[in-house]
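The values are calculated or read from the model by the stated rules, or taken from the named source; none is laboratory data. Here the structure is a predicted model, which is why all the values come from computation and not from measurement. Here Cβ is always computed from backbone atoms with ideal geometry, including for glycine, and neighbour counts include all displayed protein chains.
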Amino acid sequence: MAWGVGGLVGFVMSKFTPERSVKLGVLAAALAVLGLAIGKIATVRLVAPTAGSDVILEDPEALATAFALDMREGERYSPEVSMQLATLSPTDTIPDALWPKMLDEAQARMAEAPEAERVRVATAFMNKFMDKMDLTDQFGASLSLFDLLWFGLAIATAFKIMRGA
């Protein structure tokens, strides 16, 4: 795919100008990097929430945490837990003594929840998680060592097509 991106950039540029030079090769390489970066970010924005929701749905502990946070936001705890939560601001850390109570109630709710509610809670959790990340965080979180190879292949291909002999 990286060769395809680099080749496509070089091919499109070659249709716009018959010239070949190192400067055009560098421009083609930069456009290939830009194309891969945009593709990477778009993939993270479109795929990660769905894939992350699926992972949460398969992990009972993660799903219980998502339910606990959803219940806090919707103020759906027992009066005892609700009173303790009312003393906290939204940015306060939940006390160690309170979190197990919240999880117990969340697990009870989770056990009774239909599949549609489980999916809603997992999806909402992932969307909130993704919304807290800016584009550079999302891009960085999605990079691997293989991406260096893919970027290198795209850069080399685009550059070679446009640099000339």
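Per-structure values
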| read-out | value |
| --- | --- |
| Helices (runs of 4 or more DSSP H) (entirely within region 57-165) containing at least 3 residues that are touching a residue at least 24 places away in the same chain (Cβ under 8 Å) and under 24 Å from the mean Cα position of the chain (by Cα) | 60-73, 115-131, 135-142, 145-163 |
| Set Val81, Val44, Val26: member being out of contact with any His (no Cβ under 9 Å at 6 or more places or on another chain), surrounded by fewer than 17 Cβ atoms within 10 Å (Cβ to Cβ) and among the β-branched types (Val, Ile, Thr) | Val26 |
| Residues (polar (S, T, N, Q) and loosely packed, with under 15 Cβ neighbours inside 10 Å) located in region 143-160 | Ser144 |
| Restricting region 14-47 to residues that are among the charged types (D, E, K, R) and within 19 Å of Leu135 (Cα to Cα), the residue that is modelled with the lowest pLDDT | Arg45 |
| Top-ranked residue in region 100-115 [being among the charged types (D, E, K, R) and exposed (fewer than 12 other Cβ atoms within 10 Å of the Cβ); ranked as farthest from Phe125 (Cα to Cα)] | Glu112 |
| Enumeration of residues in region 141-153 that are at pLDDT below 90 and either among the small types (Gly, Ala, Ser) or touching a strand residue (DSSP E or B) at 6+ places or on another chain (Cβ under 6 Å) (or both) | Ala141, Ser142, Ser144 |
| Residue in region 61-99 that is modelled with the lowest pLDDT, counting only those that are closer than 21 Å to Asn127 by Cβ and out of contact with any helix residue (DSSP H, G or I) (no Cβ under 8 Å at 6 or more places or on another chain) | Pro90 |
| Single condition Gly52 does not satisfy, out of (1) of a type outside the set (Phe, Trp, Tyr); (2) under 30 Å from Phe151 (Cβ atoms); (3) surrounded by fewer than 17 Cβ atoms within 10 Å (Cβ to Cβ) | (3) |
| Among residues of region 11-39, those that are in contact (Cβ under 8 Å) with a residue 24 or more places away in the chain and assigned to a helix (DSSP H, G or I), counted | 17 |
